[in-house]
Structures are given as C-alpha cells and as structure tokens.
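Report on one structure; see the data block that follows.
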Ligand SMILES: O=C(O)C(=O)C[C@]1(C(=O)O)C=C[C@@H](O)C=C1
C-alpha cells in the first residue's frame, strides 16, 4: 500500500508549529539585539548599514526554493528596522515633495512598517531635519547632472558633525529595474567597508578645472572613477565635485594623499563624503 498523504488539517498543524518556532526565533533574535544595544550604550549612533548589507547578501546567496528572494529581503528589512527601533529613537526624513512618492516608497520598503518617516519638500529640509536631530537618517535622490543647487555640496566639509552618505536604495534591485530612481541615505554614521563598496569623494578646488583633467589626476592616484558631478561656486570662487570611486576609500587612504599632491595649490579639500554597500541585483530565476 502506498503511504497515505497527510491530511490538510495535519499540514496546517505543521504550519502552526513552524509559525511558533519562527516567532520564538524572532523574539530570541530581539533579545540578542537588546544585548548588542547594551554594549553600544553611550554611542549616539546604533545603526550599522554595513552589517545590514552583509546580513542580506548572505541570505540572498543561500536562498533556495519557491519563495521569491525579494520577499525574504522584505521580511528581513522589516525585522532589522524593528530591531533598530528597540535600540533607541530612530526616524527617517524622506525627500518627497508634493505628490512625488517615489523615494517615500523606496524608504518605506527599506525601513519597514514601524519606523517613523517624515516627508521633506526639499533636500535642504532633509539636511535640516538631520542637523536639528529630528531625523537619524535622510533619504535624498541620487545627484543629477543638471542640478543647479545640489544637496551634496554641503557634505564637503571638515566638520565632524556633517552627515555622510551611508547607503544606496533600493538595496535589492529586481531584474530589469532601472537605476534611474535610486536614492542615497544620509546619516552621521562612521563609514564601514563591506567588501563591495563605492565611495563618494568630495573635492573642493579654488579654481575651475575641466572634468577630464580632474578625472586624469584622480585615476593617476589609483582611484577608479565612476560618475562625476560638478557645482561651480557662485562668483567664480572655485568649484566642488562629487566623484564616485568604485572602491572603499576612507579618510586615511594613502591614495587621497597622492591626489592632494597632484592637485597642489588648486586643492581646498578632498575627502570621502560617504560610501555605500553595492546593492544586490536579484537573478530573474530567484526574484
Ligand atoms: O549588529 C548590530 O549592531 C545590531 O544592532 C543588530 C542589527 C540587526 O537587527 O541585525 C540591527 C541594527 C543594525 O543596523 C545592524 C544589525
């Protein structure tokens, strides 16, 4: 006689048991996070974007079976966001002018149901919310070529309180999803290498310099250049540049000293204004 398949009732009882086990594990995870939070006592910033990226990359790599991996990412983002809030106040300012909800939706996806999000009409308002402590992190659009008043120029500062770029959204890109509507996350968080990172380098010059010449100098300092944005300071007072470097570069990186030597008197300052963990692009088969 072939074995009798379990009844639907029996399968549902198995699901109930699994749910209890998952729920127990979530509560156990939260207790571990509470202990981590305890060890961070006294630190103003308790988010670790690099660690979050590592957790998701590991899960996406090991995922198998019929559940779309995008759903796994969503579940973990919900959990990590909730477990961030366990550790202290956490709020997000999102650039969402009038009825433009694009970044709002990306931010909600990343920060889950319970994280307070506040809309900001301008990118300046996002920076103000960060400066005034109303938001822990801010979500702003990727720098556009034609932006006449770019938000990123305020990040090129030696003031240690200046927020940095700490992430890029969406962190998981579905197959075919365009990069056009991407966002960057700002926050006063120490930069952390994850093994697959890009850095945004801020360069302030006392004079205008052609993009080609600056690019040559940066590449001669062994920094692999991605895209470039330029803002000419009013009144001919020089220029600021945001340069994507396809590597992790921190403030002590010797390549920055080489660049400073090459730029000589033209240089006012060159510093990393942030790094982001490279987003994951999901395979069509698993998405
Ligand atoms: O590892 C930590 O430092 C945590 O606070 C835990 C945790 C998580 O839920 O895994 C939560 C928030 C951090 O941004 C990173 C990870």
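Read-outs throughout are calculated quantities, based only on the coordinates presented, and are distinct from any laboratory measurement. These numbers were taken from a predicted model, which means no experiment stands behind them. Here the Cβ is made from the backbone with ideal geometry for all residues, glycine too, and neighbour counts use every protein chain on show.
From the C-alpha gyration tensor of the range 32-157, pull out the three semi-axes of the equivalent ellipsoid (sqrt of 5λ each), sorted largest to smallest, in whole Å.
Details: eigenvalues 147, 82, 37 Å².
Output for the range 32-157: semi-axes of 27, 20, 14 Å.
Once you sort the root eigenvalues of the Cα gyration tensor of the range 229-287 as a ≥ b ≥ c, which label holds: rounded (a/c under 1.5), prolate (a/b larger than b/c) or oblate (the other case)?
On the way: a/c = 4.10, a/b = 1.89, b/c = 2.18.
Here the range 229-287 falls in the oblate category.
Between residue 206 and residue 30, with labels modelled 7 Å along Cα→Cβ, what's the label distance in nm to one decimal, could you check?
Each label point lies 7 Å from its Cα, and together they span 5.8 nm.
Starting from the exponent 0.38 and prefactor 2.2 Å, build the expected Rg for the chain from its residue count and divide its actual Cα Rg by it.
Working: Rg = 22.1 Å, N = 287, 2.2 N^0.38 = 18.9 Å.
Computed over Cα atoms of the chain, the ratio equals 1.17.
Using a Förster distance of 51 Å, how high is the FRET efficiency between residue 145 and residue 66, based on the Cβ-Cβ distance and rounded to 0.05?
On the way: r = 42 Å, r/R0 = 0.83.
Computed FRET efficiency for residue 145 and residue 66: 0.75.
Have a look at the DSSP beta bridges in the chain and tell me what percent are antiparallel, nearest 5. Let's see the in-between values first.
On the way: 32 of 42 bridges.
Percent antiparallel among DSSP bridges in the chain is about 75.
Before anything else, pin down the relative contact order of the chain: Cα pairs under 8 Å, at least 6 apart, normalised by residue count, whole percent. Show your work: numbers first, answer last.
On the way: 459 pairs, mean separation 52.3, N = 287.
Normalised by residue count, the contact order of the chain is 18 percent.
When DSSP assigns beta bridges and you keep just the ones with both residues in the range 48-190, what percent turn out antiparallel, to the nearest 5?
Values: 10 of 17 bridges.
Just about 60 percent of them are antiparallel.
With everything on Cα atoms, drop me the angle between helix 8-39 and the longest principal axis of the chain, reported from 0 to 90° to the nearest 10.
Relative to the chain, helix 8-39 is tipped by roughly 40 degrees.
May I ask you to compute the full-extension gain from residue 177 to residue 213, defined as 0.36 nm times their residue separation minus their alpha-carbon distance, rounded to one decimal in nm? Before the final figure, lay out the partial values.
On the way: separation 36, 0.36 × 36 = 12.96 nm, distance 3.36 nm.
Full-extension gain reported as 9.6 nm.
Among 111, 95, which comes first, then next, by fewest other beta-carbon atoms within 10 Å? List each step's numbers first, then the result.
On the way: 111 26, 95 23.
Listed from fewest to most nearby Cβ atoms, that is 95, 111.
How do 48, 255 line up, fewest other C-beta atoms within 10 Å first? Walk me through the numbers on the way to the answer.
Numbers: 48 18, 255 15.
Least to most surrounded, the residues fall as 255, 48.
Could you state the angle between the C-alpha long axis of helix 254-263 and the longest principal axis of the C-alpha atoms of the chain, as a value from 0 to 90 degrees rounded to the nearest 10?
The angle comes out at about 30 degrees.
Report, in deg cm²/dmol and to the nearest 500, the calculated mean residue ellipticity at 222 nm for the chain, where each DSSP H run with n ≥ 4 adds -39500 (n - 2.57) and the sum is divided by the residue count. Each step should come with its number before you reach the end.
Details: 7 runs with 102 residues, N = 287.
It comes out at -11500 deg cm²/dmol, rounded to the nearest 500.
How long is the gain from residue 261 to residue 233 if the chain were fully straight, where each residue apart is worth 0.36 nm and the alpha carbon distance is subtracted? List each step's numbers first, then the result.
Values: separation 28, 0.36 × 28 = 10.08 nm, distance 2.28 nm.
Gain on stretching residue 261 to residue 233: 7.8 nm.
Could you please state, rounded to a whole Å, how far the C-alpha centre of the range 1-43 is from the C-alpha centre of the range 95-167?
Computed from Cα coordinates, the inter-centre distance equals 35 Å.
So what's the angle, to the nearest 10 degrees on a 0 to 90 scale, between helix 102-111 and the longest Cα principal axis of the chain?
60
For a footprinting-style exposure proxy, rank 58, 134 by other Cβ within 10 Å, fewest first. If you can, show how the numbers build up before the last one.
Working: 58 10, 134 15.
Ascending Cβ contact count within 10 Å gives the list 58, 134.
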